[in-house]
1. To the nearest 10 Å², what's Arg160's accessible area with a 1.4 Å probe?
2. So the label point goes 7 Å from the Cα of Asn139 along Cα→C-beta, right? Which residues of the range 45-64 then have their backbone N under 16 Å from it?
3. Add +1 for every Lys or Arg and -1 for every Asp or Glu among the other residues with Cβ under 14 Å from the Cβ of Ala125, and state the total.
4. What's the Cα-based Rg to Rh of the range 30-184, Rh via Kirkwood?
5. Counting only protein heavy atoms and a 1.4 Å probe, tell me what percentage of the range 30-184's accessible area is made up of carbon and sulfur.
6. Note down the relative contact order for the range 30-184 as a percent, whole number, built from C-alpha pairs under 8 angstrom at least six residues apart.
7. Under the 0.36 nm per residue contour assumption, what length would be gained going from the current alpha-carbon distance of Asp106 and Thr29 to full extension?
8. Going by Cα centres, the range 75-106 and the range 135-168 are how many Å apart?
Amino acid sequence: MNTLRICVLTLSLAAAALAYPQYTAVQATLAAVCELKAATGSTVSGQVQLLQSSPGSPVRVSGLIHGLGPGEHGFHLHQEGNLGDDCKAAGPHFNPAKVRHGSPSDASQHAGDFGNIVASDQGVATVEFQTPQVSLEPNAVNGALGRAFVVHALPDDLGRGNTEESTKTGSAGARVACCIVTQAYSA
């Protein structure tokens, strides 16, 4: 009798999978958004979106940023989700592993080290990359939710500037805009 119930249940699940295929391959998508706010004297604005297709997978970061000077600008995830004091309240780069600042391609770098974005002659930068360094999972040690993205006035020297500031911040200069990473949805 139990064997018969298992067979009927298996056939019922198979029939349900054929009738409703959209429910059989469940894939979690975590998403967050960040609306940039300009620091005093800055005209920088834009939005950054973050998507993670499943727990443990890399996070896709994309966006469009306006009002920058042409060229490279440091782009980092900072520790605190606080935009006060012209983005200075965002604190240092997000660095849960307590390692030295570096390039996104270095074997060791801050979790929030995303290198540079490049603005066109019209002051527009497109952000598009994937990173395994952060997560959108709630309560993750390397979680990005509730932290602040910061756009800097100068290029990030990727920790290669042979100064103490280079090993901490990449000597990327003033903070021209920032935003708090906020969960958009989870499906």
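1. Answer for Arg160: close to 130 Å² accessible.
2. 55-56
3. On the way: positive: none; negative: Glu72, Asp121, Glu128, Asp156.
Net charge in that neighbourhood comes out at -4.
4. Details: Rg = 14.0 Å, Rh = 15.0 Å.
Expressed as Rg/Rh, it is 0.93.
5. Numbers: 3620 of 6940 Å².
C and S atoms contribute 52 percent here.
6. Relative contact order, the range 30-184: 31 percent.
7. Working: separation 77, 0.36 × 77 = 27.72 nm, distance 2.77 nm.
That works out to 25.0 nm of additional length.
8. The two parts, judged by their Cα centres, are 4 Å apart.
The values are calculated or read from the model by the stated rules, or taken from the named source; none is laboratory data. A quick note: this is a predicted structure, and the numbers were derived from the prediction, not measured. Quick reminder, even Gly has a Cβ in these numbers, built from the backbone with ideal geometry, and neighbours come from all protein chains shown. Heavy atoms of the whole protein, side chains included, go into the accessibility calculation; ligands, DNA and RNA do not. Shrake-Rupley method; radii C 1.70, N 1.55, O 1.52, S 1.80 Å.
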